[in-house]
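Just below is one structure, and these are the notes that go with it.
The values are calculated or read from the model by the stated rules, or taken from the named source; none is laboratory data. The structure displayed is predicted, hence computed values, not measured ones. Cβ atoms come from the backbone with ideal geometry, glycine included; neighbour counts cover every protein chain shown. With ligands, DNA and RNA removed, areas are computed over all heavy atoms of the protein, side chains included. Shrake-Rupley method; radii C 1.70, N 1.55, O 1.52, S 1.80 Å.
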Amino acid sequence: MSRLVVISNRVAPVDEGQTAAGGLAVAVLAALKESGGIWFGWNGEIVQTPPTKPDTQKIGSLTYATMPMTRRDYIEYYIGFANSTLWPLFHYRLDLMHYDRRNFTGYMRVNGRFARALSPMLRKSDLIWVHDYHLIPLADELRRLGCEQRMGFFLHTPLPALEILLALPRHEDLMRALCAYDLVGFHTVNDLSAFFDYIILEAGGEVLPDGVVRAFGRTFRAGVFPVGLDAAEVAELASQHDNSPEQKRLATTLQERYLILGVDRLDYSKGLVARFRAFAKLLAADPRMHKKVTLMQIAPPSRGDVRGYAEIRRELETTAGHINGQYADFDWVPIRYLNKSFDRSELTCFYRMSRVGLVTPLRDGMNLVAKEFVASQGEQDPGVLVLSRFAGAAHEMTEALIVNPHDEDSVADALSRAILMPLGERQERWRALMQKLTQHNVHVWRAEYLEALQRPVPVD
Ligand code: F6P
């Protein structure tokens with residue numbers, strides 16, 4: 001069996017139980033735990049002179065190989081091209097996209113450096129699986145160094161529609177590099193269609209049956225592989241919290257009010273301001289909801305050095321303060337806004353206690369919070385998922401209450417419907433969702449992706 005080598009910018013904390021840095025880390029860790037292998041990436045540190053070799057640490061069958069980067073790399077590659085150009089572009093925020101030639105060069109430089117540090121560790125039979133927008137050029141850099149292994153790429157964000165993608169200066173360099181992989185995977189059919197549009201309409205390439213693509217002188221495959229989670233593990237974690245100290249503490253402070261829960265990195269793509277305003281509309285429209293509901297929004301700060309993030313933080317604080325000022329009473333605060341992270345186990349406890357999981361991003365690749373919320377529910381009294389149609393998860397999770405996050409009135413209506421939904425309907429929706437999560441779990445995701453990566457591509 002081939003050894004699996006996974007590369008992502010962010011590598012999950014080595015200590016189990018710590019907060020993982022986003023959905024990617026959760027999924028990759030679950031996938032790697034099953035097969036073992038190498039996980040290569042940035043260790044989160046900034047140094048003056050980076051080493052040429054990664055630092056390795058073996059834990060069970062998994063080897064972590066991580067490297068620091070220089071401040072210049074951090075600014076040009078991570079803050080710059082990855083998170084000030086690609087992230088807003090991929091989330092349809094051209095108004096926030098900032099392009100700078102120096103950042104693009106820095107992005108390519110770091111990809112080259114990662115490739116040079118990784119290549120001596122590779123064996124001929126390794127399967128290489130690269131994750132996310134930070135590392136699109138990695139395969140191309142590895143191929144320049146003579147690596148001939150099968151290499152796959154998976155994009156955890158959306159790929160925007162062609163007209164948006166074309167706004168990126170150097171889009172051709174980036175897309176040409178993407179075509180150096182043997183398999184390019186996306187969460188949804190929309191992302192795949194955007195890719196095919198680029199291949200056919202912009203690159204003059206071809207899309208053949210079975211996802212085979214010919215472009216930029218290469219033949220490879222592209223496909224849809226919606227990421228899942230280990231639903232059984234999450235359900236087990238959540239059930240351990242029945243009567244736990246956390247559960248009791250939260251229950252005491254709720255005083256039998258319905259809990260509406262949001263859990264998101266503090267990011268403008270998550271639609272948090274509109275979400276708060278939709279909640280305020282619920283309170284304005286239905287005075288019966290006053291003192292009956294509490295919105296708890298967990299939003300750990302993220303990418304504080306990137307322009308736009310400080311602003312969204314300020315805007316949210318103002319909005320939450322305004323709503324609480326308008327509706328709070330001496331014994332009730334409508335919004336609990338928490339700028340901190342919790343470990344996964346505590347989160348499953350909070351999900352399980354919620355009547356509503358409110359997941360309303362303006363754009364999202366998949367959104368594993370939606371899936372974790374459902375997997376954490378108990379069959380006796382399951383909560384209801386209110387889900388944005390612009391999260392990749394909405395393609396599969398059709399039994400959620402699907403909303404347009406730009407329409408705050410309709411989000412308020414969905415909240416009201418979720419809170420008042422009879423038990424029978426909640427159970428029916430939950431069972432259907434849970435069945436999907438169990439079937440399309442993270443192990444199936446990994447197996448299907450790796451099977452496609454190893455499938456030969458027809459040559460003519
Ligand atoms: O899922 C998207 C993603 O950008 C991941 O690549 C990343 O690990 C996560 O969000 C958290 O973001 P950051 O690494 O910038 O803190």
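With respect to the conditions (1) without any contact (Cβ under 8 Å) to a residue 40 or more places away in the chain; (2) closer than 23 Å to G22 by Cβ; (3) polar (S, T, N, Q), T318 lacks only one, and its number is (2).
Polar (S, T, N, Q), open to solvent by 20 Å² or more (accessible area, probe 1.4 Å) and in a loop (DSSP other than H, G, I, E, B): does that describe S125?
Numbers: polar (S, T, N, Q): yes; open to solvent by 20 Å² or more (accessible area, probe 1.4 Å): yes; in a loop (DSSP other than H, G, I, E, B): yes.
Yes, satisfied.
Across the range 362-379, the qualifying residues are those that are among the charged types (D, E, K, R) and not in a loop (DSSP other than H, G, I, E, B), and the one among them that is nearest to the ligand (Cβ to nearest atom) is D364. It is to be established whether one or more residues within the range 97-109 are surrounded by 23 or more Cβ atoms within 10 Å (Cβ to Cβ) and touching a His at 6+ places or on another chain (Cβ under 9 Å). The answer is yes; a qualifying residue exists. Checked against (1) surrounded by fewer than 19 Cβ atoms within 10 Å (Cβ to Cβ); (2) in contact with an Asp or Glu (Cβ under 9 Å, 6 or more places away or on another chain); (3) closer than 29 Å to T438 by Cα; (4) in contact (Cβ under 8 Å) with a residue 40 or more places away in the chain, F225 passes all but condition (1). Could you go through the range 339-361 and let me know if any residue there is touching a helix residue (DSSP H, G or I) at 6+ places or on another chain (Cβ under 6 Å), within 30 Å of V189 (Cα to Cα) and within 15 Å of the ligand (Cβ to nearest atom). Taking every residue of the range 339-361 in turn, at least one turns out to be touching a helix residue (DSSP H, G or I) at 6+ places or on another chain (Cβ under 6 Å), within 30 Å of V189 (Cα to Cα) and within 15 Å of the ligand (Cβ to nearest atom).
Yes/no matrix, rows are residues, columns are (1) open to solvent by 40 Å² or more (accessible area, probe 1.4 Å); (2) at pLDDT 95 or above; (3) in a helix (DSSP H, G or I); (4) assigned by TED's automatic domain parsing to the domain that holds L272:
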{"residue": "D381", "(1), (2), (3), (4)": "yes, yes, no, yes"}
{"residue": "L387", "(1), (2), (3), (4)": "no, yes, no, yes"}
{"residue": "A414", "(1), (2), (3), (4)": "no, yes, yes, yes"}
{"residue": "A418", "(1), (2), (3), (4)": "no, yes, yes, yes"}
{"residue": "G424", "(1), (2), (3), (4)": "yes, yes, yes, yes"}
{"residue": "Q427", "(1), (2), (3), (4)": "no, yes, yes, yes"}
{"residue": "A432", "(1), (2), (3), (4)": "no, yes, yes, yes"}
{"residue": "Y449", "(1), (2), (3), (4)": "no, yes, yes, no"}
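The residues of the range 321-336 that are without any contact (Cβ under 8 Å) to a residue 60 or more places away in the chain and open to solvent by less than 50 Å² (accessible area, probe 1.4 Å), listed by number, are G321, I323, N324, Y327, A328, P334, I335.
Looking at S354, S302, which one is surrounded by fewer than 22 Cβ atoms within 10 Å (Cβ to Cβ) and of a type in the set (S, T, Y)?
Details: S354 fails: surrounded by fewer than 22 Cβ atoms within 10 Å (Cβ to Cβ).
The match here is S302.
Do the conditions hold for L145, that is, is it more than 15 Å from the ligand (Cβ to nearest atom), among the hydrophobic types (A, V, I, L, M, F, W, C) and loosely packed, with under 15 Cβ neighbours inside 10 Å?
Numbers: more than 15 Å from the ligand (Cβ to nearest atom): yes; among the hydrophobic types (A, V, I, L, M, F, W, C): yes; loosely packed, with under 15 Cβ neighbours inside 10 Å: yes.
Here the answer is yes, as L145 does meet what is asked.
Could you please find all residues in the range 236-254 being in contact (Cβ under 8 Å) with a residue 24 or more places away in the chain and in a helix (DSSP H, G or I)?
Just the residues of the range 236-254 that are in contact (Cβ under 8 Å) with a residue 24 or more places away in the chain, to begin with: 237-242, 244, 246-247, 250-251, 254.
Scanning the range 236-254 gives L237, A238, S239, E246, Q247, L250, A251, L254.
Give the residue, chosen from G308, G365, G378, G357, that is touching a residue at least 40 places away in the same chain (Cβ under 8 Å), touching a His at 6+ places or on another chain (Cβ under 7 Å) and of a type in the set (G, A, S). Break it down stepwise before answering.
Working: G308 fails: touching a His at 6+ places or on another chain (Cβ under 7 Å); G378 fails: touching a His at 6+ places or on another chain (Cβ under 7 Å); G357 fails: touching a His at 6+ places or on another chain (Cβ under 7 Å).
Among G308, G365, G378, G357, only G365 is touching a residue at least 40 places away in the same chain (Cβ under 8 Å), touching a His at 6+ places or on another chain (Cβ under 7 Å) and of a type in the set (G, A, S).
Residues in the range 49-71 include none that are under 30 Å from K371 (Cα atoms), within 15 Å of the ligand (Cβ to nearest atom) and without any contact (Cβ under 8 Å) to a residue 40 or more places away in the chain. In the range 305-314, of all residues being open to solvent by 10 Å² or more (accessible area, probe 1.4 Å) and of a type in the set (A, V, I, L, M, F, W, C), the one that is farthest from Y351 (Cα to Cα) corresponds to A310. Being touching a strand residue (DSSP E or B) at 6+ places or on another chain (Cβ under 6 Å), within 23 Å of E246 (Cα to Cα), modelled with pLDDT of 95 or more and assigned by TED's automatic domain parsing to the domain that holds G262 is true of V359. Please list, ordered by first then second residue, the pairs with beta carbon atoms under 7 Å, 6 or more apart or interchain, first in the range 193-216 and under 13 Å from E172 (Cα atoms) and assigned by TED's automatic domain parsing to the domain that holds I164, second open to solvent by 20 Å² or more (accessible area, probe 1.4 Å) and of a type in the set (G, A, S). Cβ pairs passing all conditions: A215/A203; F216/A203.
Listed here are the residues, each with its yes/no results for (1) at pLDDT below 95; (2) under 19 Å from the mean Cα position of the chain (by Cα); (3) among the polar types (S, T, N, Q).
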| residue | (1), (2), (3) |
| --- | --- |
| A177 | no, no, no |
| A180 | no, no, no |
| G204 | no, no, no |
| V212 | no, no, no |
| G217 | no, no, no |
| E236 | no, no, no |
| N243 | yes, no, yes |
| E256 | yes, no, no |
| R265 | no, yes, no |
